[in-house]
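Enquirer: Handing you a structure now.
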Amino acid sequence: MTRPDSTVSPRRRTSVPPLWRFYILIVLGIFGLDQATKYAIHRFLFEGESISVIPHFFDIVSFRNTGIVFGLFQDPDGWIHRLIFIFLTIAAAILILYYSSKKREVGEGGFYPLALILGGAIGNLSDRILKGRVVDFLYFSFHGHYWPAFNVADSAIVIGVSILLVSQLTSPINASSSPSDKPHE
């Protein structure tokens with residue numbers, strides 16, 4: 001015996017909105033590019049080896065970073081450092097997702113730069129969890145001044161943060177007032 005059509009509830013399609021699809025595509029694109037480049041470096045260069053691309057300016061190197069940005073807090077055998085960095089990165093990723101959802105709800109800019117930051121954070125997080133250290137390979141110098149080696153994930157994070165800062169500095173100040181700003185009579 002079949003039930004009448006009126007009692008069958010329609011299935012609700014759960015689809016990801018197009019803006020979130022693009023956001024996820026950015027995150028996965030950054031993550032994929034980061035992991036592919038790190039794999040290539042790990043596969044074709046020994047640790048400490050370098051290839052000069054533009055002499056005295058840009059080299060491809062093979063460094064392993066157990067610290068955080070710019071090699072700060074290096075501790076090759078430090079499980080506590082590693083766990084702290086993993087925990088902080090997971091907490092940051094959760095906050096980025098939360099902030100992204102809030103940005104999207106109110107229709108503010110800065111939604112997609114957060115995807116760059118998240119993709120970079122996840123790229124470096126996977127290295128820390130799986131290998132205990134991050135592969136850095138982009139190395140710049142200029143007239144004897146050297147910039148610490150970095151990778152695609154680091155680049156995405158810096159670009160995302162830079163876009164957010166520029167957009168905040170160049171956006172007009174919101175002149176709307178809240179009810180509590182009214183003078184008391």
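Enquirer: Since residue 119 meets every condition but one in (1) buried (at least 17 other Cβ atoms within 10 Å of the Cβ); (2) modelled with pLDDT under 90; (3) not aromatic (Phe, Trp, Tyr), which condition does it not meet?
Expert: With respect to (1) buried (at least 17 other Cβ atoms within 10 Å of the Cβ); (2) modelled with pLDDT under 90; (3) not aromatic (Phe, Trp, Tyr), residue 119 is out only on (2).
Enquirer: Still on this model: Can you report the number of residues in the range 45-59 which are free of Cβ contacts under 8 Å to residues at least 60 places away in the same chain and surrounded by 11 or more Cβ atoms within 10 Å (Cβ to Cβ)?
Expert: 5
Enquirer: Out of the residues in the range 49-102 that are of a type in the set (Phe, Trp, Tyr) and part of a helix (DSSP H, G or I), state the one that is modelled with the lowest pLDDT.
Expert: Among those that are of a type in the set (Phe, Trp, Tyr) and part of a helix (DSSP H, G or I), it is 70.
Enquirer: Is it the case, given these coordinates, that residue 150 is among the aromatic types (Phe, Trp, Tyr) and touching a Lys or Arg at 6+ places or on another chain (Cβ under 8 Å)?
Expert: No, not satisfied.
The values are calculated or read from the model by the stated rules, or taken from the named source; none is laboratory data. Since this is a predicted model, take the numbers as computed values, not measurements. Glycine also receives a Cβ, built like all others from the backbone with ideal geometry; neighbour counts cover every protein chain displayed.
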